[in-house]
Amino acid sequence: MDLLLYLALVPTLGVTAQWLAWRTQLPGILLLLLFGVVLGLWVQPDAYLAQVTGGNAASGPNILFPLVSLSVAIIMFEGGLSLKLGELREAGSAALRLVTIGTILTCVLTTISAHYILDFHWRISLLLGAILVVTGPTVIGPLLRQVRPSRRVASTLKWEGIVIDPVGAALAVLVFEQALVHANDSNVGSAIWTLSEIVIVGIALGVAGGMMMTIAFRHFLIPDNLHGVATLACTLILFAISDKLAHESGLITVTVLGIWLTNQKHFDVEHIIELKENLRTLLIGCLFIVLGSRVNLMDVWNLGWPGLLFLLSLILVVRPISVFLSLAGSPLNFREQAFIAGLAPRGIVAAAVSSVFALKLERSGILAEMQGADQLATVTFLVIVGTVAVYGLSANPFAKFLGLADDVTHGVLIAGADAWVRDFATELNGLGVPIVLVDTNYAKISQARMSGLKGICANVLNEHARGELPLAGIGRVLAMTPNDEVNSLAIRAFRNQFDRKGLYQLTFKSKNDRGNRGMTQNLLGRELFRSGMTFSMFRDLHAAGASFKVTKLTETFTYNDFIGIYGDEPVLMCVLQDDRNVAINTVSDHLAPVAGQTIISFVTSVPLRRATDVAPVPAADPS
């Protein structure tokens, strides 16, 4: 296999694995690792890179690991961009406990387990314990999007997963330097200085970089088209400088940089976040494929029962003890603590850090005789695969068992609360579909609440207001305000929280639908109901007496029978399917209702035939 084909194959496999994960609802990281292992049966990256660079065996890792480090830096920066300081009101205390007390407990308990179960040398066990304190945003994020637990739990896990990565990397450096490299002359003062140096350099450069970029963007010193690449370049150079000044402080630098940029109020970073999210997805795929291909399956198999027992100890003993002890007396209740105790998958930082230290141990003649030094990366790989598989498959049912996640995922959030919108929402709500109405007009929201609907008086275009919306069980957004521009911007704003297939909006008014004064089609969500049915048309017809009709279809009364009564004038709004899932009718994808389904239609005329001419229309089934 030549270099060009290999370089093209890695991202292709990465994207394919993540697409399969989306289709099958399996953990994406697990599939990525499996793809990497399969690739490794034919191609070993180290040997391949060494061959490409002239046959020097050391050149492969020398090229690979700096690239891995830079990729991890970008992933951690993107993680920092997702951390809003406002979330600390609910999650701050618990997250702080987990990354301090929880980290120490996890490191100590993992060290003990590695020594007594795997028979590792105490120093190697301590290094493995430091590496495995991390959880990782690359695996926590997708699981949280899939499970959607309560907001307080989600915020706590997100902050822990992102902040603990640089903490774990710094702890691993501290252990490596003090317990391994300078074991004979290490002391408390030296350890404190090493840790302080990492933290101070990391925070100082992160804050300095954030201030510099804020000033540059705020005063328009950098054109908009360079914002994304300039941020990327700044992230990489700050990471490299920070790591040069204090080893492994770079992860702290880029995380602090991301937190600073996303929480400043002087300019919008949405376009930067979008670029980094796409880049992160590509990098995660490539990294896990490459690192997975470096693992020898026979080495994993040779761990045998001790390896499996060590994995189970991390899941069933270490994580629960560290969580319950560190969160004792915290605002989180027992169910929330139990879910956090049942979710600690390891991700890309554990894989990268363990690979780097395994290489350093390999090159150290002094450490070569220590039991377990040659198995550090292999055990870490086993832990990553095992925890991702276990937590990925158990997180959703465990959250539902604890009552922290809603079984319903077909709820609808509607932007707008005018009279006809409220009537439509009432019919949906009557069929058991969770509804949330959002509008800036308090009178309209009050009327919605008096009708038994959940109404929120807020501006969906406000980032902070969107963060406070109750989205548990919500899977679709319908933008149905009188303003086409607001509808389009609302759809755009929700793209980070929902797949585009679940974003809908009304047809543009004719003046906005064409010509240079209109908006472009790429701003549209999926066009609702029927072509030409704008907000004003719905409003005027509703005011003239049109109404929404709920009809249960049967074998004896089909949708064609319904059309035979009312003609083509009724607007099919949506269909409630047999599994209680609601399908929204759109201009591009017309629904074809069948027997057993319930339809909601907007009836604008009286029946064309008498009721005695056709089979009677069954009553609406409110259940």
Just to confirm the filter: which trypsin sites (Lys or Arg not before Pro) across segment 218-324 are DSSP coil and have at most 10 other Cβ within 10 angstrom of their Cβ?
Lys265
Working with all protein chains in place, sort Val412, Val108 by solvent-accessible area computed with a 1.4 Å probe, largest first.
Val108, Val412
Roughly how many nanometres apart are two label points built 7 Å out from the Cα toward the Cβ at Leu221 and Ala583?
5.6 nm
Gain in length, Leu461 to Ala443, computed as 0.36 nm per residue apart minus the alpha-carbon separation, to one decimal in nm?
4.6 nm
Mind putting together the pair-distance distribution for segment 320-461? All Cα pairs, 10 Å bins, whole percent per bin, short to long.
10, 21, 18, 21, 14, 8, 6, 2
Under 13 Å from a label point 7 Å along Cα→Cβ of Gln497: give me every residue in segment 431-451 with its amide N that close.
436-439
Please give the net charge around Val201, taking every other residue with its beta carbon less than 12 angstrom from that of Val201, where Lys and Arg add +1 and Asp and Glu add -1.
-2
Once the piece of chain linking Ala204 and Ile321 is laid out straight, how much longer is it, given 0.36 nm per residue of separation minus the C-alpha distance between them?
38.7 nm
Distance from the Cα centre of segment 223-239 to that of segment 299-363, in angstrom?
34 Å
Point-to-point label distance, Gln264-Asn296, nm (Cα→Cβ direction, 7 Å offset):
4.9 nm
Between beta-carbons, use under 10 Å as the cut-off and find the net charge around Gly258, counting Lys and Arg +1, Asp and Glu -1.
0
Rg over Rh of segment 237-375, using C-alpha atoms and the Kirkwood radius, what does it come to?
1.03
Provide the per-residue ³J(HN,Hα) series for segment 352-358, in order, calculated from phi with Karplus coefficients 6.51, -1.76, 1.60 and θ = phi - 60°, each as a whole number of Hz, with x at glycine and proline positions.
5, 5, 5, 5, 5, 6, 4
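Calculated FRET efficiency, Ala328 and Leu308, Cβ-Cβ r, R0 30 Å, to nearest 0.05?
About 0.50, to the nearest 0.05.
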Using a Förster radius of 25 Å, what is the FRET efficiency between Ile192 and Asp119 based on their Cβ-Cβ separation? Nearest 0.05, please.
0.20
Too-long pairs where the Cα-Cα distance tops 28 Å, listed order kept, from Lys400/Lys454; Lys276/Lys501; Lys276/Lys360:
Lys276/Lys360
Roughly what percent of Cα-Cα pairs across segment 209-302 reach past 20 Å?
48 percent
Neighbour net charge for Gln337 - beta-carbon separation under 13 angstrom, K R +1, D E -1
+2
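The values are calculated or read from the model by the stated rules, or taken from the named source; none is laboratory data. Model, not experiment: these values are computed from the prediction. Quick reminder, even Gly has a Cβ in these numbers, built from the backbone with ideal geometry, and neighbours come from all protein chains shown. Surface areas here come from the heavy atoms of the whole protein model, side chains and all, with no ligands, DNA or RNA. Shrake-Rupley method; radii C 1.70, N 1.55, O 1.52, S 1.80 Å.
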